[in-house]
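Read-outs throughout are calculated quantities, based only on the coordinates presented, and are distinct from any laboratory measurement. Predicted model only: the values in this text are computed from it and were never measured. Positions of Cβ are generated from backbone atoms using ideal geometry, with glycine treated the same way; all protein chains shown enter the neighbour counts.
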Amino acid sequence: MKVELHNIVAECPSCHGTDFEPHGVGRELIASQTPMACTRCGAHTSYIALLIQIGDQAIARSLETLDRIKAQRAKLKKPAPQGK
Ligand SMILES: [Zn+2]
């Protein structure tokens, strides 16, 4: 299963795979501390670690967006070349 939030998909820290299976519980019982295993390489992480990773991604993306907006605004503010 993909661990996804706001269109951001958590990646396995080892192989960058995006498919995880909860370890020891059913999908419907996933809690923050539920261990998750990468289905590609078998690396273990936890559900909360994947959510935190998504949070970090979301922050990085919003900072990028902010930079883009700032750059655009700077461009708009630039005085137009004065022609005679
Ligand atoms: Zn992996």
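With both labels modelled 7 Å from their Cα along Cα-to-Cβ, the Ala60 to Lys2 distance reads 1.8 nm. Highest mobility in the GNM of the chain, judged by mean-square fluctuation with C-alpha springs under 10 Å and restricted to Gln72, Gln53, Gln33, is found for Gln72.
So if each residue of separation counts as 0.36 nm, and I subtract the Cα-Cα distance between Arg73 and Glu28, what length gain in nm does that give? Could the numbers behind the result be given before it?
Numbers: separation 45, 0.36 × 45 = 16.20 nm, distance 4.58 nm.
Here the answer is 11.6 nm.
Taking amide H as placed 1.01 Å from N in the peptide plane, Phe20 has its amide H under 5 Å from the amide H of Lys2, Val3, Thr39, each at least 5 places away in sequence or on another chain.
If you take the square roots of the eigenvalues of the alpha-carbon gyration tensor of the range 1-52 and sort them as a ≥ b ≥ c, do you get rounded (a/c under 1.5), prolate (a/b over b/c) or oblate? Oblate is the answer for the range 1-52, as a/c is 1.5 or above yet b/c matches or exceeds a/b.
Take every Cα pair under 8 Å whose residues are at least 6 apart in sequence, average their separation, divide by the length of the chain, and the relative contact order is 23 percent.
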